[in-house]
1. Since LEU52 meets every condition but one in (1) within 30 Å of ALA10 (Cβ to Cβ); (2) buried (at least 18 other Cβ atoms within 10 Å of the Cβ), which condition does it not meet?
2. Can you report the number of residues in the range 95-119 which are among the small types (Gly, Ala, Ser) and either surrounded by fewer than 19 Cβ atoms within 10 Å (Cβ to Cβ) or at positive phi (or both)?
3. Scan the range 67-80 and report the pairs whose first residue is closer than 22 Å to LEU45 by Cα and whose second residue is part of a strand (DSSP E or B) and among the hydroxyl-bearing types (Ser, Thr, Tyr), with Cβ atoms within less than 6 Å and a gap of 6+ or a chain change.
4. Across the range 16-45, what is the number of residues that are within 15 Å of the chain's Cα centre (by Cα) and in a loop (DSSP other than H, G, I, E, B)?
5. Any chance you could count how many residues in the range 56-80 are open to solvent by 50 Å² or more (accessible area, probe 1.4 Å), outside any strand (DSSP E or B) and modelled with pLDDT of 95 or more?
6. If only one of VAL40, VAL86 is open to solvent by less than 30 Å² (accessible area, probe 1.4 Å) and in contact with a strand residue (DSSP E or B) (Cβ under 8 Å, 6 or more places away or on another chain), which one is it?
7. Which of the residues that make up the range 16-37 are polar (S, T, N, Q) and open to solvent by less than 50 Å² (accessible area, probe 1.4 Å)?
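The values are calculated or read from the model by the stated rules, or taken from the named source; none is laboratory data. Because the structure is a prediction, the values reported are computed rather than measured. Note: ideal-geometry Cβ built from the backbone for every residue, glycine included; neighbour counts use all protein chains shown. What goes into the accessible areas is simple: the full protein's heavy atoms, side chains included, and nothing from ligands, DNA or RNA. Shrake-Rupley method; radii C 1.70, N 1.55, O 1.52, S 1.80 Å.
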Amino acid sequence: MEAHRRLDLAVMSFNIPEEIAAMKSSEQWSSTGRGAKTLVKNDDLRIVLVGLSAGKTIQEHRAEGAISVAVAQGAIRFTAEGKEQVLRSGSLLALAAALPHGVEALEDSAFMLTVVIQP
């Protein structure tokens, strides 16, 4: 288990391939085929590394702010406003606040979810 760490330092850096490898070697990944790790969390911003094994989904929901999704590994199907987009490693998508959206992993995948918190 990871020791408590600060999520709101003035400067933070991460090795995303190492974070993905650690997630995929975790007990949670083994048992559920999913993983998530909040990397940054402060009053204005959330950055979460999300991992899904092939076929896993995140049901339609709404985020509290505008979001971006940057695929670091694999491929996902992102659905918003009745439209589907396949995003592969290296793809970036931006979505306005409060729009319903869902995700399906087409293969083992990991993406960075950024949420901008509006006052």
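1. (1)
2. Step one: filter the range 95-119 for residues among the small types (Gly, Ala, Ser), giving 96-98, 102, 105, 109-110.
From what's left, either surrounded by fewer than 19 Cβ atoms within 10 Å (Cβ to Cβ) or at positive phi (or both): 96-98, 102.
Selection size over the range 95-119: 4.
3. Close Cβ pairs satisfying both conditions: SER68/THR114.
4. 1
5. 1
6. Working: VAL86 fails: open to solvent by less than 30 Å² (accessible area, probe 1.4 Å).
None of the other options fit; the residue is VAL40.
7. Taking the range 16-37 as the starting set, the residues that turn out to be polar (S, T, N, Q) are 25-26, 28, 30-32.
Matches in the range 16-37: SER26 only.
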